Amino acid sequence: MSKDPVILCDVAPRDGFQVVPTWIPTETKIRVIEGLAAAGMKRIEAGAFVSPKHVPQMADTAEVHAKVRIPDGTSLTALTPNLRGAQNAFDAGCPDIGYVFSVSESHNKSNVRRPVAASIEELGLVIEAGKDVEGFKLRVNAATSFDCPFEGRIDEDAVYRCIEQVLAFDYPVEIGLCDTTGRALPDHVAGLCAGAIERFSGGVANWAYHGHDTFGLGVANALYAYDAGVRVFDASVAGLGGCPFAPGATGNTASEDLVFTFENMGIETGVDLAKLLDVAEEVAALPDTDTGGHIRIVPRKRVLDAA
Ligand code: ZN
């Protein structure tokens with residue numbers, strides 16, 4: 001029996017780059033994004049429209065979107081936590097929005113300095129504005145859906161309440177259940193993913209899982225999410241990233257680790273592992289990057305022979 005394919009979204013150019021303290025030149029960002037697209041990555045989170053004062057590394061996102069050249073069929077998403085960022089994204093020719101809020105009150109306050117309810121309310125304004133934009137597509141990232149650096153484990157019901165409010169806008173949306181700290185365990189991931197899919201089935205939502213590999217559980221968690229019915233996965237080439245609130249964090253689950261695992265299990269990703277590893281090497285060689293993942297450090301021949 002053939003297994004459902006997956007869609008990977010590489011978030012290195014946002015979740016990964018945003019924590020790199022040394023400025024990454026715009027041309028380098030563009031080269032990495034184009035390399036990911038050439039490797040077959042169908043979705044790429046290319047930057048964020050956020051305050052350049054708070055996240056200086058994302059200051060050139062509009063320029064990146066203006067100059068990057070990607071093949072048809074590949075989409076670039078830009079992350080934003082508010083209406084102003086969404087409008088900047090639309091103005092920059094990016095109709096594909098990743099809107100983020102945190103399920104945990106304290107994380108949302110520390111991240112975007114307002115209550116969760118205010119973030120969700122503003123999502124309604126983003127949707128209204130987006131309806132006038134050609135090609136508008138919406139991913140809503142529910143950060144800290146599993147664990148919060150301040151509050152610990154997040155109650156499933158708190159996540160469901162947030163999702164309910166998002167779905168009340170009655171606009172097609174992909175909801176990203178995000179393990180922001182990488183602290184979730186596989187059974188927790190499976191439980192929340194299956195619970196959300198079941199509870200909100202038949203609605204306007206599609207589901208994605210966004211995991212970090214802090215405790216070495218990134219791949220396992222993704223597989224449990226897959227078993228629970230999730231088919232869209234965020235990952236980061238070279239495992240780039242790191243969470244400022246989780247010391248020792250190794251960033252997002254490495255894209256190459258997910259490609260290796262899914263493909264060897266007969267689950268298509270559409271990504272060329274050898275080409276992806278070339279991009280991983282380039283990203284890992286950038287100054288001041290915190291990389292992770294496993295496949296990149298295994299001798300290349302062994303990886304490809306096994307694939
Ligand atoms: Zn993340």
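Remarks
- Qualifying residue in the range 135-147 (condition: closer than 19 Å to Gly98 by Cα, charged (D, E, K, R) and out of contact with any Leu (no Cβ under 6 Å at 6 or more places or on another chain)): yes
- Leading residue by the ranking (modelled with the lowest pLDDT) among those in the range 178-191 that are within 16 Å of the ligand (Cβ to nearest atom) and within 24 Å of Ala168 (Cβ to Cβ): Thr180
- Taking the criterion of being loosely packed, with under 14 Cβ neighbours inside 10 Å and under 22 Å from Val20 (Cα atoms), the residues of the range 282-307 that qualify are Ala285, Pro287, Asp288, Ile297.
- For Trp23, the conditions (1) aromatic (Phe, Trp, Tyr); (2) surrounded by 18 or more Cβ atoms within 10 Å (Cβ to Cβ); (3) in a loop (DSSP other than H, G, I, E, B) all hold with the exception of (2).
- Within the range 195-254, being modelled with pLDDT of 95 or more, more than 16 Å from the ligand (Cβ to nearest atom) and of a type in the set (Ser, Thr, Tyr) holds for Tyr224, Tyr226.
Every residue, every condition in (1) touching a residue at least 60 places away in the same chain (Cβ under 8 Å); (2) in contact with a helix residue (DSSP H, G or I) (Cβ under 9 Å, 6 or more places away or on another chain), yes or no:
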| residue | (1), (2) |
| --- | --- |
| Arg14 | yes, yes |
| Glu27 | no, yes |
| Thr61 | no, yes |
| Ala66 | no, no |
| Thr74 | no, yes |
| Leu79 | yes, yes |
| Leu83 | no, yes |
| Phe90 | no, yes |
| Pro115 | no, yes |
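- When the range 98-126 is limited to residues that are assigned to a helix (DSSP H, G or I) and hydrophobic (A, V, I, L, M, F, W, C), the one that is farthest from Thr80 (Cα to Cα) turns out to be Ala117.
- Count of residues meeting criterion [within 16 Å of the ligand (Cβ to nearest atom) and either of a type outside the set (Lys, Arg) or in contact with a helix residue (DSSP H, G or I) (Cβ under 8 Å, 6 or more places away or on another chain) (or both)] in the range 132-149: 10
The values are calculated or read from the model by the stated rules, or taken from the named source; none is laboratory data. These numbers were taken from a predicted model, which means no experiment stands behind them. Neighbour counts are summed over all protein chains in view; Cβ atoms, including those assigned to glycine, are modelled from backbone coordinates with ideal geometry.
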